[in-house]
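Rule-based calculations on the coordinates, nothing more; no lab input. Predicted model only: the values in this text are computed from it and were never measured. Note that each Cβ is placed from the backbone with ideal geometry, even for glycine, and that neighbours are counted across all protein chains shown.
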């Protein structure tokens, strides 16, 4: 799995050659922007999808005429990095790679997140969403999501799934599945998504949820089988795989999303300058190639669009956490 993430970071480095035609500076109101290096905080350890966003954003925003520094600030499920940016000067020189954990799940499950995903930040731009896949070992008899659910109904408490810890995205998807089906699965906690996949490969658990870029090579190798994808539409990585809704689980949609936010109070002209730069950068052929290769869904919009999206996702996972009684310290 580490090699897979390393390859993703290499892809990000390749994407860093993307060229955009963006004005070298914007003005607000009489001072040039940016007037100093821009810092982008990635709220996870180096490697993986958050780093791809951070480094691609750094390349795109570097066209504004100042150096852009990417800093990994992991801890507390991304909350440490989010708190740092929430408290930073609101002048457009401090940005955060926003993701599902920091903007939706952590505040929904934690009593001590230390920020509000809606009021603590100024949404800048949405980069993309990634689908998750429900994956089982290739040796299992289940060919469809319906097969798995039927087995669980016939044998209550027998089937388990791997997740990366209480409040982890995989854990929350599992809770969503139980709420939508009325079937109880046993969640088994591991240290992260890589360990969850390894547990599935070792047949320690019956199923898990994982990113398409991670599972597709294993599907091609014949090690695992994917039964459904969690997006509203089918994934381009596996168009033959039905969505969870198509597989019979109504009102089921769960994607991991990524974007850029700034501290609340960042002047609107600066937010719009950043939004325009990022949206333009996402249109380039190399950015589009990266998006296609990783099976991502990218629909750039306005800061208001991203703000509404964050609010909706925050509400979605807050309700899932409430119904499941999930609360962490």
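Helical content alone sets the calculated 222 nm signal of the chain at -11500 deg cm²/dmol, taking -39,500 (n - 2.57) per DSSP H segment of four or more residues and averaging over every residue. Among 58-65, 234-241, sorting by the average number of other beta carbon atoms lying within 10 angstrom of each residue, highest first, gives 58-65, 234-241. Look at the alpha carbon pairs under 8 Å that are at least 6 residues apart: their mean separation over the length of the stretch 204-329 gives a relative contact order of 17 percent. Cα centroids of the stretch 261-329 and the stretch 83-141: how far apart, whole angstrom? Computed from Cα coordinates, the inter-centre distance equals 9 Å. Based on Cα contacts under 8 Å between residues 6+ apart, the chain shows a relative contact order of 26 percent. Cβ crowding within 10 Å ranks 142, 128 as 142, 128, fewest other Cβ atoms first. Taking every C-alpha pair closer than 8 Å and separated by at least 6 residues, the mean separation divided by the residue count of the stretch 37-82 gives a relative contact order of 53 percent.
Ranked for footprinting exposure by Cβ neighbours inside 10 Å, fewest first, 80, 282 give 80, 282. Counting only Cα atoms, the chain measures 69, 39, 30 Å along its principal axes, largest extent leading. For the pair residue 155 and residue 31, a Förster radius of 56 Å applied to the C-beta separation gives a FRET efficiency near 0.25, rounded to the nearest 0.05. Expressed to the nearest 5 percent, the antiparallel share of DSSP beta bridges inside the chain is 65 percent. According to the calculation over all Cα-Cα pairs in the stretch 131-229, the P(r) per 10 Å bin from zero is 18, 55, 26, 1 %. For the stretch 131-229, the antiparallel share of DSSP beta bridges with both residues in that region comes to about 60%.
Neighbour counts of other Cβ atoms within 10 Å put 127, 258 in the fewest-to-most order 258, 127.
Under the simplified labelling scheme, the residue 147-residue 112 pair shows an inter-label distance of 4.5 nm, with each label point 7 Å from Cα along Cα→Cβ.
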